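Below is a structure I'd like to ask you about.
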Amino acid sequence: MFFDFFKKRKKTSATKAKERLQIILAHERAANKAPFLDDLRQDIIKVISKYVDIDPKTINVNLQKDNSMEVLEINIPIK
């Protein structure tokens, strides 16, 4: 009937499995470091070292999530 539309429906096992999978995937994405950071770090070292004397071991590249934004932080100590 018309009012049956407004009743909560029981979740099927497929719906529960889908929700669990979404939670697992979100957790995995949050736990994994961005895979491009190591490549980015190497590219930055190549470019900056052409112009400035740096120690490649001291360069830090971090990706941080702050609410709805992602912040890329790069620290390059110059000799």
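All of the numbers you see were taken from the coordinates with simple rules; none came from a lab. Fair warning: this is a prediction, and the values are worked out from it, not measured in the lab. Because the Cβ atoms are built from the backbone with ideal geometry, glycine has one as well, and the counts that use them run over all protein chains shown.
Fully extended, how many nm does the chain gain between T15 and V71 (0.36 nm per residue separation, minus their Cα-Cα distance)?
Once the chain is fully extended between T15 and V71, it gains 16.7 nm.
Continuing with this model, one more query. Karplus couplings for segment 12-17 from phi (6.51 cos²θ - 1.76 cosθ + 1.60, θ = phi - 60°), rounded to Hz, Gly and Pro as x?
7, 5, 5, 5, 4, 5
Ranking request for peptides 47-58, 65-76: highest mean number of other beta-carbon atoms within 10 Å first, then the rest in descending order. Can you show the working numbers first?
Working: 47-58: 10.9, 65-76: 9.1.
In descending order of packing, they fall as 47-58, 65-76.
If you put +1 on each Lys and Arg Cβ and -1 on each Asp and Glu Cβ, how big is the dipole of segment 35-79 around its Cα centre, in Debye rounded to 20?
180 debye
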